[in-house]
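This report concerns only the one structure given below.
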Amino acid sequence: MRALFIAHEAEAPPGHLGDAAARRGMDVEVCDVWDGATLPAPDVHDLIVPLGSADAAYDDAVPWLAAELDLRREAEQVGTPVFGVCFGAQALARALGGQVFRADEPEVGWRTIDTSAPGLIAAGPWLEWHFDALRPPDGASVLARSRSGVQAWLRGRALGVQFHPEVTPGIIDGWIASGADKLRTTGVDADRLSDETRRNANRARVAAHDLFDRVLDALAVDPPR
């Protein structure tokens, strides 16, 4: 079985989720749209995982965004499961008729969330790093929330999470280096965030792998064990 991860920037790779897919025996492919890669047709993969981005899912000036929105709509039409992460969840919501907008309260750091589906979406703590929020499409079930808004939603074979289960300490180091100005404006202590990420590293890896397995079940993806 084949899992397609859509990467929107070099500093946002599949991380723990790519490892989780490989552990389940899936062939992992990464489409680097930030580097000009062309998105494939949605029916040649068994799972599509759009990852995070510093861009906004409502910014139509983003050069690759229109093609991604089309891919998500086509995936729903052909029945290909999509698991969107942060920006990936926002763009997925927008493609299916939901909305994305600037969050009243940005979230950056390790946070617990309020989950109504603990068997699928654990309370965390999960790594949050987002300045936008989403409204799911009609017919979606909201699975988790935080004070800032929706944290997880599900409609058919489309599931989105606002948090970042994929992050490793190395990924966070890259985000801290490139996002220093935003961290200062939100009052986040970069050294504390880095230290907390390292303290959480083993637990976060296990949680990401567990979440990936549960998402596969929820989206009816059945890779070999």
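The values are calculated or read from the model by the stated rules, or taken from the named source; none is laboratory data. This one's a predicted model, so the numbers in the text were calculated from it and none came from an experiment. As a convention, Cβ positions derive from the backbone with ideal geometry for all residues, glycine included, and neighbour counts pool all protein chains shown. Only protein heavy atoms, including side chains, enter the accessible area calculation; ligands, DNA and RNA are left aside. Shrake-Rupley method; radii C 1.70, N 1.55, O 1.52, S 1.80 Å.
For the stretch 111-130, how many residues are crowded, with 17+ Cβ neighbours inside 10 Å and at negative phi? Of the residues in the stretch 111-130, 12 are crowded, with 17+ Cβ neighbours inside 10 Å and at negative phi. Considering only the stretch 168-184, I want to know if a residue exists there that is at pLDDT 90 or above and of a type in the set (Ser, Thr, Tyr). Among the residues of the stretch 168-184, at least one is at pLDDT 90 or above and of a type in the set (Ser, Thr, Tyr), which makes the answer yes.
Checking each residue in the stretch 44-80 for being without any contact (Cβ under 8 Å) to a residue 12 or more places away in the chain and of a type in the set (Gly, Ala, Ser) picks out ALA61, ALA66. Among (1) open to solvent by 30 Å² or more (accessible area, probe 1.4 Å); (2) free of Cβ contacts under 8 Å to residues at least 40 places away in the same chain; (3) under 24 Å from GLN99 (Cβ atoms); (4) in contact with a helix residue (DSSP H, G or I) (Cβ under 9 Å, 6 or more places away or on another chain), there is one condition LEU154 misses while meeting the rest; what is its number? With (1) open to solvent by 30 Å² or more (accessible area, probe 1.4 Å); (2) free of Cβ contacts under 8 Å to residues at least 40 places away in the same chain; (3) under 24 Å from GLN99 (Cβ atoms); (4) in contact with a helix residue (DSSP H, G or I) (Cβ under 9 Å, 6 or more places away or on another chain) applied to LEU154, the lone miss is (2).
Can you pull out every residue in the stretch 180-203 that is open to solvent by less than 10 Å² (accessible area, probe 1.4 Å) and closer than 25 Å to VAL49 by Cβ?
Answer for the stretch 180-203, where residues must be open to solvent by less than 10 Å² (accessible area, probe 1.4 Å) and closer than 25 Å to VAL49 by Cβ: LEU193, THR197.
Pick from PRO223, PRO136, PRO165: which is closer than 30 Å to GLY79 by Cβ, of a type outside the set (Asp, Glu), modelled with pLDDT under 95 and open to solvent by less than 40 Å² (accessible area, probe 1.4 Å)? Spell out the reasoning first.
Working: PRO136 fails: modelled with pLDDT under 95; PRO165 fails: modelled with pLDDT under 95.
When all the criteria are applied, what remains is PRO223.
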